[in-house]
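J.: Have a look at this one before I ask anything.
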Amino acid sequence: MTGPGHRPADDLRALLRVTLDALDAGRRDRSGPLPAGGPAAVRQATLDALGPGPLLPRTGDGEAAALGALTRMLTAGSADPADPFCAAHLHCPPLAVAVAADLAVSTLNPSLDSWDQAPAGTTVELEVVAALAELVGFDPAHAVGTVTTGGTESNLMGLLLGSHTTGQAAVRSRARGRSGPRAHHGRPGPRAHLGRAGRGGSTGPVPVLCSAAGHHSVRRGAELLGLTKVVAVAVDTAYRMDVQALRAALARHDGPVLVVATAGTTDAGAIDPLAEIADLVHSHPAPSWLHVDAAHGGGALFSRRLAGRLTGLDQADSVALDLHKLGWQPAPAGIFLTPSRRGWSRLEAEIAYLNPADETTAGYTSLLGRSLRTTRRPDAFKIAVTFRALGRERLGAMVDACHDLAEHAARVIADHPRLELAAPVTLSTVLFRYVPAGTGAGTEEGTRLDRLNAAIRSRLLDDGAAVVGRTTAGPEAAVHLKLTLLNPAATAADVSALLALVAATGDRIVAEAQP
Ligand SMILES: *Cc1c(COP(=O)(O)O)cnc(C)c1O
């Protein structure tokens, strides 16, 4: 099939038309933001479209037939983030320009593990990293980074580089029999007293201090790296890390530490007080590393209105961003950044078939040492195209539009007799629950409310009417509902209508339960 002069674009042109037509048809098949009927019905419809017969038949149906039928099925069976009533997760409607750029990458199939698989892609990634480093406030001439599969991988890398660096520093200070003055970002650190590591005492894994509202991937990453000591730091009533609680935790752990702060918590969108946290971490007497998980909130950097909420982010030792959230990229578009080369030696490797030293020296840059992965598509390309196409102003306006929607939702909830707001709006997440008239206090009432809110969400899912988030919140870990508003094309009227539907669904379930 592939001969000299073969042009993949020629094959693709006809198939693209099939794909686009099927996307339209599938959307019409689905009447709302997700397929109706509940999980069993959706499963059956999916199996029907994949069949009949084995998925890997002896002879296939042909490209256009299979692509058209299955794309229509996938579309009809999708939760569509472009529908204003799809608002449960950090699941954004991707920009068409980024999707198209992604198609170019899929067609060319470059891989960043060696220069000869991605001659231009290598430079594109380095430039995207530099642009994002500048946005974060790092010096782009010294910053190092990589494009990742998302916050999960970026958090793992932060813990990896952080534990490597603090562990090495601890070994060095043990070898010297004392903790010398440490340098951080080129600034001399405070003269250290003899921490546990300095005394050569505890040699257990470096503890990871993370707020109770931190993302589950932090705990998972720590486990994978053998960092078995994860300390949950308390949060305040707005779900931000409590600085006094961090101070106390740091005092209890006077050896090397990793601290993970969050800029945009998953449930409330809360931003930890980054500047105060950075000051505390960097005046710790033993080696320390501050990783900021800004997978959710990092997109606020595009917005003039909201960027100030991330003050202190530039003091981090590593940062995770996710442009498949407030960046409107098709996933994956995670970013991992550090202000300097510190820590990266952990990933360096010279592999004969990928990056022999003489080729690297001669300028054939390999990004192998930037990632845990080997084959790696240049997800930086769609980001580069998006940046050039929209500029910071338009991206910032999209962030602001989502923030406006969340502020609107909070006002509607505050004014509604049966909806109750659970946290202030910081970014574009709105945490709330339905509380029917006459609800009293007590555990039994709490259990009834939990069931009711869970039932509202399932009813909306089964009807194919809305995708509303669910989590727990508050001291009793009560079931709450959540809107994560990432669709800048949605309107205030859409959000009002969605909240009215949630309340009406609650009313209906309460009425059905009356004898
Ligand atoms: C989404 C998110 C993650 C996980 O990122 P993935 O891209 O899903 O791997 C981690 N932390 C926070 C705060 C997030 O919002």
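J.: For the pair His142 and Gln514, how long in nm is the line joining their label points, each one 7 Å along Cα→Cβ?
T.: With each label point 7 Å from Cα toward Cβ, the separation is 6.9 nm.
J.: Another question about this same structure. Let me know the Kirkwood hydrodynamic radius for region 133-354, please, with Cα pairs as the basis and the value in Å to one decimal. Mind dumping the intermediate values first?
T.: Values: mean 1/r = 0.0574 Å⁻¹.
17.4 Å is the Kirkwood radius here.
J.: How long is the gain from Thr375 to Ala389 if the chain were fully straight, where each residue apart is worth 0.36 nm and the alpha carbon distance is subtracted?
T.: Details: separation 14, 0.36 × 14 = 5.04 nm, distance 2.76 nm.
Length difference between fully extended and current span is 2.3 nm.
J.: Now, a different point. In whole percent, how big is the carbon plus sulfur part of the accessible area of region 407-515, probe 1.4 Å, protein atoms only?
T.: The value for region 407-515 is 53 percent carbon and sulfur by accessible area.
J.: Give me the dipole magnitude in Debye, nearest 20, for the chain about the Cα centre, with unit charges on the beta carbon: positive for Lys and Arg, negative for Asp and Glu.
T.: 1380 debye
J.: Be a star and scan region 426-443 for residues whose amide nitrogen sits under 17 Å from the point 7 Å along the Cα-to-Cβ vector of Glu476.
T.: 432-443
J.: I'd like the carbon and sulfur percentage of the solvent accessible area for region 133-354, probe radius 1.4 Å, heavy atoms only, ligands and nucleic acids excluded.
T.: Within region 133-354, the accessible surface is 52 percent carbon and sulfur.
J.: Highest first, please rank the peptides 386-398, 336-348 by the mean number of other Cβ atoms sitting within 10 Å of their residues. Walk me through the numbers before you get to the answer.
T.: Numbers: 386-398: 16.7, 336-348: 18.9.
Taking the mean over residues of other Cβ atoms within 10 Å, the ranking is 336-348, 386-398.
J.: For the chain, taking Cα atoms only, what is the radius of gyration to one decimal and the Dmax to the nearest whole Å?
T.: Rg and Dmax of the chain, Cα atoms, are 25.1, 81 Å.
J.: Please give the contour-minus-distance gain from Leu15 to Leu47: 0.36 nm per residue of separation, less the Cα-Cα distance, rounded to one decimal in nm.
T.: Numbers: separation 32, 0.36 × 32 = 11.52 nm, distance 2.31 nm.
Taking 0.36 nm per residue and subtracting the Cα distance, the gain is 9.2 nm.
J.: What's the center-to-center distance, using Cα atoms, between region 261-278 and region 445-515 in Å?
T.: The distance from the Cα centre of region 261-278 to that of region 445-515 comes to 26 Å.
J.: Once the Cβ-Cβ distance between Ala441 and Lys229 is put in as r, and R0 is 35 Å, what FRET efficiency do you end up with, to the nearest 0.05?
T.: 0.40
J.: Another question, then. Along the Cα-to-Cβ line of Ser345, 7 Å from the Cα, sits a label point; which residues in region 359-374 have backbone N less than 17 Å from it?
T.: So the set is 369-370.
J.: Right, something else. Checking understanding here: applying a Kyte-Doolittle mean of at least -1.0 and a length along the axis of at least 20 Å (C-alpha), which whole DSSP H helices in the chain pass?
T.: 8-29, 119-136, 151-176, 380-415, 443-462, 492-513
J.: For the chain, what is the calculated [θ] at 222 nm in deg cm²/dmol (nearest 500), taking -39500 (n - 2.57) for each run of four or more DSSP H residues and dividing by its residue count?
T.: Value at 222 nm, helices only: -14000 deg cm²/dmol.
J.: Related question: Given 10 °C and 1.306 mPa s, how large is the Stokes-Einstein diffusion coefficient of region 360-515 in µm²/s, with Rh as the Kirkwood radius over Cα pairs?
T.: Once the numbers are plugged in, D ends up at 86 µm²/s.
J.: In nm, what is the difference between 0.36 nm times the number of residues separating Ala96 and Ser283 and their Cα-Cα distance?
T.: Numbers: separation 187, 0.36 × 187 = 67.32 nm, distance 4.58 nm.
Gain on extension, Ala96 to Ser283, equals 62.7 nm.
J.: Quick check: net charge around His164, other residues with Cβ under 13 Å of its Cβ, Lys/Arg +1 and Asp/Glu -1?
T.: Residues near His164 contribute +2 overall.
J.: Which value, in Å², gives the accessible area per residue of the chain when a 1.4 Å probe is used on the protein heavy atoms?
T.: 46 Å²
J.: Could you tell me which of Pro207, Ala331, Gly37 has its Cα farthest along the dipole of the chain towards the positive end, charges placed at Cβ (Lys, Arg +1; Asp, Glu -1), taken about the Cα centre?
T.: Ranked along the dipole, the leading option is Pro207.
J.: Right, next: Size of the dipole of region 133-354 about the Cα centre, Lys and Arg at +1 and Asp and Glu at -1 on the beta carbon, nothing else charged, in debye to 20?
T.: Dipole of region 133-354, to the nearest 20 debye: 820 debye.
J.: Tally Lys/Arg at +1 and Asp/Glu at -1 over every other residue whose Cβ is under 15 Å from the Cβ of Leu354; what's the total? Let's see the in-between values first.
T.: Working: positive: Arg370, Arg373, Arg376; negative: Asp113, Asp116, Glu348, Glu350, Asp358, Glu359.
Once positives and negatives cancel, what remains is -3.
J.: Now for a different question. Just to verify a number: FRET efficiency for Arg176 and Thr360, C-beta to C-beta distance, R0 = 35 Å, to 0.05?
T.: 0.60
J.: Mind checking which of Leu160, Ser288, Ala401 is farthest towards the positive end of the chain's charge dipole, using Cβ charges of +1 (Lys, Arg) and -1 (Asp, Glu) about the Cα centre?
T.: It is Ser288, whose Cα lies furthest towards the positive end.
The values are calculated or read from the model by the stated rules, or taken from the named source; none is laboratory data. What you see is a predicted model, and the numbers here were worked out from it, not measured in a lab. Note: ideal-geometry Cβ built from the backbone for every residue, glycine included; neighbour counts use all protein chains shown. We work out accessible area using only protein heavy atoms, side chains counted, and drop any ligands, DNA or RNA first. Shrake-Rupley method; radii C 1.70, N 1.55, O 1.52, S 1.80 Å.
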